[in-house]
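Participant: Submitted below is the structure of interest, expressed as structure tokens.
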Amino acid sequence: MRAGDTKAEENAWDLTAGSAALLLMPDHAHARQWREAVIRYAVNSMAVPADRRSKKGVDGRPLREWATTAQYYPDFTTENHGVFHPVYAMVAPATLAQAAVVFRLAGQPVPDALKLHAKDVFQMLLTIVQDDGEWLYPQGLDWELHDYEHLHFFTEM
């Protein structure tokens, strides 16, 4: 985790290439490695510090074997642009949810890692969403106030 910019969304974006390869070519000789890469990127998009010690089973292994970093704090907040940024907090779970939909559409089993901590982040974000669907920005905002790119995340959840 990098304070001020945890890079959760970059990890989530990076799993899309492996997902595409796996879903387009499920019988390829590298399919097993692609699946493992998707799982590793997914876990390390949503991990909290405790995951590196967790014995919880995720996709056939203890979580601690997948988790090599933490992108979210123990309270499921994350930082970007030097502050707690609600939009960035939802980008990783939203991207993983989109990947889960594509796995389902392809008739493939959805890796558990694509769901890791999604509900936890969603519950945290519900504490700062206003009645009109806009976020509260407790540490301020450095770009446009009216940003509705999170509405698909609410739908996915």
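Participant: In Å², what does the accessible area per residue of the chain work out to with a 1.4 Å probe?
Facilitator: Working: 8080 Å² over 157 residues.
Value for the chain: 51 Å² per residue.
Participant: Counting only protein heavy atoms and using a 1.4 Å probe, what share of the accessible area of region 70-120 belongs to carbon plus sulfur, as a whole percent?
Facilitator: Numbers: 1170 of 2040 Å².
Reported share for carbon and sulfur atoms: 57 percent.
Participant: Oh, and also: Can you tell me how much longer the chain between residue 148 and residue 106 gets when fully stretched, taken as 0.36 nm per residue apart minus their C-alpha distance, in nm with one decimal?
Facilitator: Here the answer is 12.3 nm.
Participant: Could you sort the peptides 79-90, 38-49, 3-14 by per-residue average Cβ neighbour count (10 Å cutoff), highest mean leading?
Facilitator: 38-49, 79-90, 3-14
Participant: Compute the Cα gyration tensor for region 48-106, then decide on rounded, prolate or oblate, letting a ≥ b ≥ c be the square roots of its eigenvalues: rounded whenever a/c is under 1.5, prolate when a/b is larger than b/c in the other cases, and oblate in all that remain. Intermediate results must be reported in sequence, preceding the final value.
Facilitator: On the way: a/c = 3.15, a/b = 1.10, b/c = 2.86.
Oblate, because a/c is 1.5 or more while a/b does not exceed b/c.
Participant: Is region 1-57 best put as rounded, prolate or oblate by its Cα gyration tensor, with a ≥ b ≥ c the root eigenvalues, rounded for a/c under 1.5, and otherwise prolate when a/b is larger than b/c, oblate when not?
Facilitator: oblate
Participant: Let me ask something else about it. How big is region 115-157 by Rg and Dmax over its Cα atoms, in Å?
Facilitator: In order Rg, Dmax, the Cα atoms of region 115-157 give 11.0, 29 Å.
Participant: Summing Lys, Arg as +1 and Asp, Glu as -1, what charge do residues with Cβ under 14 Å from the Cβ of residue 50 carry, residue 50 excluded?
Facilitator: +2
Participant: Using just the helices of the chain, give the 222 nm mean residue ellipticity in deg cm²/dmol: DSSP H runs with n ≥ 4 each add -39,500 (n - 2.57), and the total is spread over all residues, rounded to 500.
Facilitator: Working: 6 runs with 72 residues, N = 157.
About -14000 deg cm²/dmol.
Participant: Evaluated at 37 °C with a viscosity of 0.692 mPa s, what Stokes-Einstein diffusion coefficient in µm²/s does the chain have when Rh comes from the Kirkwood expression over alpha-carbon pairs?
Facilitator: In µm²/s, the coefficient rounds to 206.
The values are calculated or read from the model by the stated rules, or taken from the named source; none is laboratory data. Predicted model only: the values in this text are computed from it and were never measured. Ideal geometry is used to build each Cβ from the backbone, glycine not excepted, and the neighbour counts take in all protein chains shown. Remember, those area values only see protein heavy atoms, side chains included, never the ligands or the DNA or RNA. Shrake-Rupley method; radii C 1.70, N 1.55, O 1.52, S 1.80 Å.
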